[in-house]
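Read the structure below first, then the notes.
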Amino acid sequence: MADAVVMKLLDFIRPGMNERQIARMIPEFFEEAGSLGTSFNPIVASGPNGSMPHYGGGRRVIEENDVMILDLGGRHRSYCSDTSRTFFTGNPTDEQRKVYEIVRQAQAAGEAAVQPGATGQDVDRAARKVIVDAGYGEFFFNRVGHGIGLAVHESPYIIEGNDKPLEPGNVFSVEPGIYLPGEFGIRIENLVAVRPDGTGEALNHSPTDIESVCIR
């Protein structure tokens with residue numbers, strides 16, 4: 001359902017809309033997809049607002065050649081979802097393309113680290129290493145993820161210091177980001193479930209390649 005909402009937003013969003021207008025439509029899109037409601041108040045953070053990971057929302061108008069983070073989730077049979085995608089209106093700059101690809105690689109590295117015996121700390125380190133090695137470590141200052149289930153934030157937390165092995169049935173987000181103050185932010189988030197054999201399965205499948213998230 002969350003993937004369906006993401007794809008609908010790609011068709012819906014256009015320059016000239018403001019953040020609040022877009023955020024107001026997300027619950028409606030979830031209802032159309034069959035959800036019982038949203039799991040949290042959706043976030044639409046555009047331009048420099050995207051540089052704040054916990055942006056509270058506003059009325060900034062989406063511009064041509066803009067960048068925005070969308071963070072959203074629905075409910076189904078009392079369980080929550082949570083996903084983030086970064087969209088571009090028009091053509092990303094060279095810097096935005098570079099940062100986006102670093103985050104995409106970090107997100108993939110975090111997912112790949114979900115292996116038998118891995119801990120939340122291992123997943124955090126795998127994703128974070130990509131960003132640090134690329135020279136953007138100071139601009140990624142929050143945890144890589146959190147557990148999700150009946151609550152939108154619960155254990156296991158994907159963070160340095162959590163050395164408890166992940167267990168089959170755990171579901172959690174892998175959501176690295178880079179946040180450049182006053183400029184823009186990039187975040188990509190999938191939910192990952194731990195299979196019975198200890199490996200990870202991504203539960204979100206909406207595209208993350210940069211051409212697919214550009215609104216033309």
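What follows draws every value from the coordinates through simple rules; no lab data is involved. Worth saying up front: this structure is predicted, and the values here are computed from it rather than measured. Every residue, glycine as well, gets a Cβ built from its backbone with ideal geometry; the counts of neighbours run over all protein chains shown.
Amide H contacts for ASP66 (H built 1.01 Å from N in the peptide plane; partners 5 or more residues away or on another chain; cut-off under 5 Å): THR89. A simple packing score, the average count of other Cβ atoms within 10 Å per residue, orders the peptides 152-160, 100-108, 183-191 as 183-191, 100-108, 152-160, with the highest score first. With the helix formula -39500 (n - 2.57) applied to DSSP H stretches of n ≥ 4, the chain reaches a computed 222 nm mean residue ellipticity of -9000 deg cm²/dmol. Computed 3J(HN,Hα) for segment 117-123, one whole-Hz value per residue from the Karplus formula 6.51 cos²θ - 1.76 cosθ + 1.60 where θ = phi - 60°, is x, 5, 10, x, 4, 4, 5, glycine and proline marked x. Percent of C-alpha pairs per 5 Å bin in segment 2-215, short distances first: 1, 8, 16, 20, 20, 17, 11, 5, 1, 0.
Charged neighbours of ASP71, selected by a Cβ distance under 9 Å, balance to -1 (K, R count +1; D, E count -1).
Partner aspartates and glutamates whose Cα lies under 19 Å from the Cα of LYS129, excluding those fewer than 8 positions away in the same chain, are identified as GLU101, GLU111, GLU138, GLU160, ASP163, GLU175, GLU189. Per-residue Karplus couplings for segment 202-216, computed as 6.51 cos²θ - 1.76 cosθ + 1.60 with θ equal to phi - 60°, are listed in order as 5, 9, 9, 9, 5, x, 10, 5, 4, 5, 6, 10, 9, 8, 9 Hz, Gly and Pro entered as x.
Could you quote the convex hull projected area for segment 70-158, Cα atoms only and averaged over all directions, in nm²?
Working: hull surface 27.9 nm².
In nm², the orientation-averaged hull projection of segment 70-158 is 7.0.
Seen against the Cα atoms of the chain and their longest principal axis, helix 2-12 is set at about 20 degrees.
Starting from the alpha-carbon convex hull of segment 124-178, give the projected area averaged over all orientations, in nm².
Its Cα hull, projected and averaged over all orientations, spans 3.9 nm².
Note on segment 140-198 and segment 84-106: Cα centroid distance 20 Å, given to the nearest whole angstrom. Under 5 Å between amide hydrogens, built in the peptide plane, is the criterion, and for ILE158 it picks out GLY145, HIS146, GLY147 among residues at least 5 positions away or on other chains.
The charge dipole of segment 2-215, taken about its Cα centre with unit charges on the Cβ of Lys, Arg, Asp and Glu (plus for the first two, minus for the last two), comes to roughly 360 debye. Here the Karplus curve 6.51 cos²θ - 1.76 cosθ + 1.60, taken at θ = phi - 60°, turns the phi angles of segment 170-186 into couplings of 4, 10, 7, 8, 10, 9, x, x, 10, 10, 9, x, x, 10, 6, x, 10 Hz, with x standing for Gly and Pro. Across segment 2-215, Cα pairs under 8 Å and at least six residues apart give a relative contact order of 23 percent.
Once the cut-off is 21 Å, how many percent of the Cα-Cα pairs in segment 118-216 end up in the long-distance tail? Display every interim value, and only then the final one.
Numbers: 1829 of 4851 pairs.
Taking all Cα-Cα pairs of segment 118-216, the fraction more than 21 Å apart is 38 percent.
Of all DSSP-defined beta bridges confined to segment 2-215, some 90% are antiparallel rather than parallel. Each Lys or Arg adds one and each Asp or Glu subtracts one; over the other residues with Cβ under 12 Å from the Cβ of ARG97, this totals -3.
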